[in-house]
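The values are calculated or read from the model by the stated rules, or taken from the named source; none is laboratory data. Remember, predicted model here, so these are calculated numbers, not experimental data. For neighbour counting, all protein chains shown are included, and Cβ atoms are generated from backbone atoms with ideal geometry for every residue, glycine included.
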Amino acid sequence: MKSIQNNLIVELHVPDLDVARAFYSKLGFEITMDDKPNEKNPGYLTMTRKDALGNTMLNFYGGDERVYNQSFFKQFPKETKRGYGIEVTVPIGSIEEFYNLVSANLKEHIVRELKDLEDHGKRWKDFRMVDPFGFYLRFTELIDWGQR
């Protein structure tokens, strides 16, 4: 079975960790760390999805209005969609089974249905969603992006 070797850590800055917990739980992510916001620090949440291809971990920073005052992101208007210009790609072992689960539970977030794709002689299936904060999510069969 193929696997991905990658040291990338994705941290999504969100204003409401409860919304993140609820949404990503429906995608099969489980809470692996949960520091709730308090008067001193914004919150931090780590969620992991276990799959035949391995584990996918997402980290969430914030949890309240303080997320808008983060040193880099505070230069943008508060209404700016979270994740503008970014696609978060999650490889899935059983894409059709996963798609059926997602379309039953989160259909309104799907922005492109499951499709058969082909590029440079490679074939795969994927679909796209937008989370409640505006992050663009791509769920895909594993392909070797490094080899064309």
* To do: Among residues belonging to the range 77-99 that are of a type outside the set (D, E, K, R) and loosely packed, with under 11 Cβ neighbours inside 10 Å, point out the one that is modelled with the highest pLDDT.
  => Pro77
* To do: Count, please, the residues in the range 105-122 that happen to be assigned to a helix (DSSP H, G or I) and over 18 Å from the mean Cα position of the chain (by Cα).
  => 0
* What are the residues in the range 36-45 that are at pLDDT 95 or above and either in contact with a Gly (Cβ under 6 Å, 6 or more places away or on another chain) or surrounded by fewer than 17 Cβ atoms within 10 Å (Cβ to Cβ) (or both), if any? -> none
* To do: Please enumerate the residues belonging to the range 123-148 that are loosely packed, with under 13 Cβ neighbours inside 10 Å and in a strand (DSSP E or B).
  => Arg123
* Residues (within 23 Å of Asn59 (Cα to Cα) and crowded, with 16+ Cβ neighbours inside 10 Å) located in the range 100-116 -> Val102, His109, Ile110
* Looking at (1) under 21 Å from Lys26 (Cβ atoms); (2) out of contact with any Leu (no Cβ under 6 Å at 6 or more places or on another chain); (3) touching a residue at least 60 places away in the same chain (Cβ under 8 Å), can you tell me which one Val88 breaks? -> (2)
